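For reference, the structure discussed in these notes is given below.
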Amino acid sequence: MYRGKLCLAPMVRAGELPTRLLALQNGCDLVWSPEIIDKKLIKTQRNVNKHINSIDYTLENGTLVFRTIPNLEKGKLIFQIGSADPELAVEAALKVVQDVDGIDLNSGCPKHFSIHSGMGAALLSTPDLLCSILSNLVTRVGTPFAKPISVKIRLLPEMKDTLSLVERLCATGIQNITVHCRTREMRNR
């Protein structure tokens, strides 16, 4: 699914619906949603929005958390989850699996909202947990629903450590790794 594709990479604030649709209109093959935290997604309800032909995931108060337009994104949408818990990651992925084409675990975001609870780039410091989350996603979501599971990482300070981590990640059964070629400490400046 990922080989030889032009992708809108997973990025903070860049994966919302308008950007995804614009990327697809301009020849993109795959697009990633923004990172959505597992606990928040689990609280949503799935609604069919007949006015704009979308699937909306909203909170009880009506707040929109995630929206997809299947007739425009089918076969091209990878959903990115923020999680630090295998059970919550699986529960969140199961919530959206029918409306997306793959599940991606964000293990590369260095922003506070992601790392303060052990998610995002914080998972690079806990490779056993990271591999456990991915293994659970592969066996309990990816395989049963024929959806690829992937992960986004950053470089570790030493190349040998990055390569060792990549080997461990591949052994979980994931189908793709996105590498943000900066370390956790490198931020936008």
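Taking the Cα centroid of segment 123-161 and of segment 91-122, what is the distance between the two, rounded to the nearest whole Å? Using only Cα atoms, the two centres lie 10 Å from each other.
The heavy atoms of M11 offer some 90 square angstrom of accessible surface to a 1.4 angstrom probe. If you take every DSSP beta bridge whose two residues both sit in the chain, what share of them, in percent to the nearest 5, is antiparallel? Among the beta bridges of the chain, antiparallel pairing accounts for roughly 30 percent.
Only Lys, Arg, Asp and Glu carry charge here, each on its Cβ (+1 for the first two, -1 for the last two); on that basis segment 36-189 has a dipole of about 440 debye about its Cα centre.
Computed as a quarter of the hull surface, the mean projected area of the alpha carbon convex hull for segment 10-143 stands at 8.0 nm².
Using DSSP to call loops (not H, G, I, E or B), can you name the GluC sites (Glu not before Pro) in segment 60-124 whose Cβ has at most 13 other Cβ atoms within 10 angstrom?
Taking segment 60-124 and a limit of 13 other Cβ atoms within 10 Å, the loop GluC sites (Glu not before Pro) found are E60.
At 1.4 Å probe size, with every protein chain present, just tell me what the per residue accessible area of segment 66-125 comes to in Å².
33 Å²
Within the listed set K50, K111, K76, the residue fluctuating most in the Gaussian network model of the chain (springs between alpha-carbon atoms under 10 angstrom) is K50. For segment 32-46, the Karplus equation 6.51 cos²θ - 1.76 cosθ + 1.60, evaluated at θ = phi - 60°, returns couplings of 10, 6, x, 5, 10, 5, 3, 4, 6, 4, 4, 7, 7, 10, 8 Hz by residue, with Gly and Pro reported as x.
Helix 86-96 and the longest principal axis of the Cα set of the chain meet at an angle near 30°. If I build a Gaussian network model for the chain, linking alpha-carbon pairs within less than 10 angstrom, which residue out of D128, D101, D85 has the largest mean-square fluctuation? Maximum fluctuation in the GNM of the chain, among the listed residues, is at D128. Among the lysines of segment 45-165, pairs at least eight places apart or on separate chains and with Cα atoms under 15 Å apart come to 4.
Percent of accessible area on the chain owned by carbon and sulfur, 1.4 Å probe?
53 percent
Rounded to the nearest 10 degrees, the angle from helix 159-170 to the longest Cα principal axis of the chain is 50 degrees.
The values are calculated or read from the model by the stated rules, or taken from the named source; none is laboratory data. As the structure is a computational prediction, the values presented were derived from the model and not from experiment. Neighbour counts run over all protein chains shown; Cβ positions are idealised from the backbone, glycine included. Accessible surface areas use protein heavy atoms only, side chains included; no ligands, DNA or RNA. Shrake-Rupley method; radii C 1.70, N 1.55, O 1.52, S 1.80 Å.
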